[in-house]
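Asks: Dropping a structure here in structure tokens format, bear with me for questions.
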Amino acid sequence: MGPEGYGEFMVLYSFMLTVGFFSNTYPTIAIKNILENKEEKLGVLRFLRIVAFITGLLFFIVLSLLSPYLKDFLHVSSSFSIIIIALVSFLIFLENVEKGYLQVENRFGMYSFLNGLELTLRLLFAIIFVEIGFWINGALSSTVFSMFFSLILLMYINKNLFGEIKKLPFKRIIKSFFLVSPSGFFVYADDIFIKRVFDPITAGYFASASILGKAYIWFILTLFSIIFVKVSEKKEKAFKYVKYFFIFIIFTFGVIQILLSLVGEKVFLLLFGDKYSQAYEILPLYIFSILPLLINLVIYYVNISLEKAFVSVYLHLILYYCGFVFIKFASVIDYLTYIFIINAVFLIFNLFLFLKKFQDAHKQSIQQ
């Protein structure tokens with residue numbers, strides 16, 4: 001697609017995935033409520049399917065109506081791209097309920113297989129649609145087709161479409177929504193605004209580096225989804241699980257930096273082509289800049305499983321986005337420096353609260 005086309009695609013794709021993070025409420029609600037209502041788990045599943053359908057439909061309508069305004073704000077060329085994102089937002093709510101049920105059933109092999117299959121189909125459809133001339137909208141539409149196929153498979157695997165419904169308290173759903181939804185808005189924030197900050201070529205260079213950085217983020221968060229279930233089941237062992245996971249993050253970060261220095265540039269150019277040769281130098285800096293964000297996200301997800309205070313995550317999110325909107329960045333280095341500094345500041349604050357929380361819990365257990 002070239003740097004210019006890829007830059008615009010990543011703005012739209014990042015916006016699509018950010019909107020989709022609202023749906024991350026549903027796997028969490030499924031995990032927590034099915035664990036608490038094991039005898040009525042199928043009723044909980046059916047209830048969440050209904051709620052997900054209604055929520056997804058509302059998102060589809062709102063995004064479709066706002067598509068002309070979002071097109072201008074994001075500096076993209078077509079309102080139809082926003083309509084495609086609206087359709088994805090409808091499907092992803094339904095899909096995430098089904099995936100949450102797989103997780104709580106400890107069917108992680110099937111969960112991983114379906115995720116891999118969906119991403120593979122997304123890639124294949126994207127290549128086909130771009131090659132036959134649908135360009136950016138074709139690449140976006142690949143998500144609709146792959147997600148629809150995945151949803152059919154999930155509903156076939158999970159079955160139990162009809163039967164009794166276990167209604168959940170509306171207050172619990174709202175609480176889970178406010179606990180879960182903000183965390184997802186961090187991952188793609190930097191890509192959403194690149195067309196507002198950089199020229200089209202630089203935006204494309206940044207997008208190519210950032211997509212590999214986000215692969216690292218999702219590798220870690222996908223592994224953490226297993227820990228999330230364990231923490232939800234055994235809250236008293238949360239600190240132990242998370243401590244070792246932090247060590248694992250630092251270890252993988254070191255391994256990635258070594259691999260980048262040895263074979264990173266060759267692999268990068270193999271993936272993107274010689275026209276992205278100037279973009280590779282961004283990648284090691286990008287991986288370094290997002291490390292504090294990644295650790296913050298793990299802390300926030302632990303807080304979700306423990307249903308602890310989440311005021312700091314909203315403050316973090318608001319300030320993070322305000323910086324992208326209002327600060328004038330002179331270069332990519334300035335952009336990455338901002339990403340690192342604001343997330344590092346909140347990491348210090350969150351680690352202090354996180355460690356203090358478990359220290360207080362340990363003292364209480366000793367006193368008892």
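Asks: Starting from residues that are more than 22 Å from Asn115 (Cα to Cα) and assigned to a helix (DSSP H, G or I), keep the ones in the range 133-174 and report whichever is most open to solvent (accessible area, probe 1.4 Å).
Replies: Here the residue is Lys171.
Asks: While we're looking at this one, here's another question. Specify which of the listed residues (Phe93, Phe125) is modelled with pLDDT under 90, of a type in the set (Phe, Trp, Tyr) and in contact with a Ser or Thr (Cβ under 7 Å, 6 or more places away or on another chain).
Replies: Phe93
Asks: Looking at the structure I just gave you, is Phe47 open to solvent by 30 Å² or more (accessible area, probe 1.4 Å), in a helix (DSSP H, G or I), in the same structural domain as Leu161 (by the TED database) and touching a residue at least 60 places away in the same chain (Cβ under 8 Å)?
Replies: When the stated conditions are applied, Phe47 passes them.
Asks: So, one more: Condition (residue is part of a helix (DSSP H, G or I) and open to solvent by 20 Å² or more (accessible area, probe 1.4 Å)) applied to the range 184-192: is it met by at least one residue?
Replies: no
Asks: Regarding Gly254, is this residue modelled with pLDDT of 90 or more and more than 20 Å from the chain's Cα centre (by Cα)?
Replies: yes
Asks: Residues that are under 26 Å from Phe324 (Cα atoms), out of contact with any strand residue (DSSP E or B) (no Cβ under 7 Å at 6 or more places or on another chain), open to solvent by less than 40 Å² (accessible area, probe 1.4 Å) and not aromatic (Phe, Trp, Tyr): does the range 96-114 have at least one?
Replies: No: the range 96-114 contains no residue that is under 26 Å from Phe324 (Cα atoms), out of contact with any strand residue (DSSP E or B) (no Cβ under 7 Å at 6 or more places or on another chain), open to solvent by less than 40 Å² (accessible area, probe 1.4 Å) and not aromatic (Phe, Trp, Tyr).
The values are calculated or read from the model by the stated rules, or taken from the named source; none is laboratory data. Keep in mind it's a predicted model, so treat the numbers as computed, not measured. As a convention, Cβ positions derive from the backbone with ideal geometry for all residues, glycine included, and neighbour counts pool all protein chains shown. These accessible areas exclude ligands, DNA and RNA; they are computed on the full protein's heavy atoms, side chains included. Shrake-Rupley method; radii C 1.70, N 1.55, O 1.52, S 1.80 Å.
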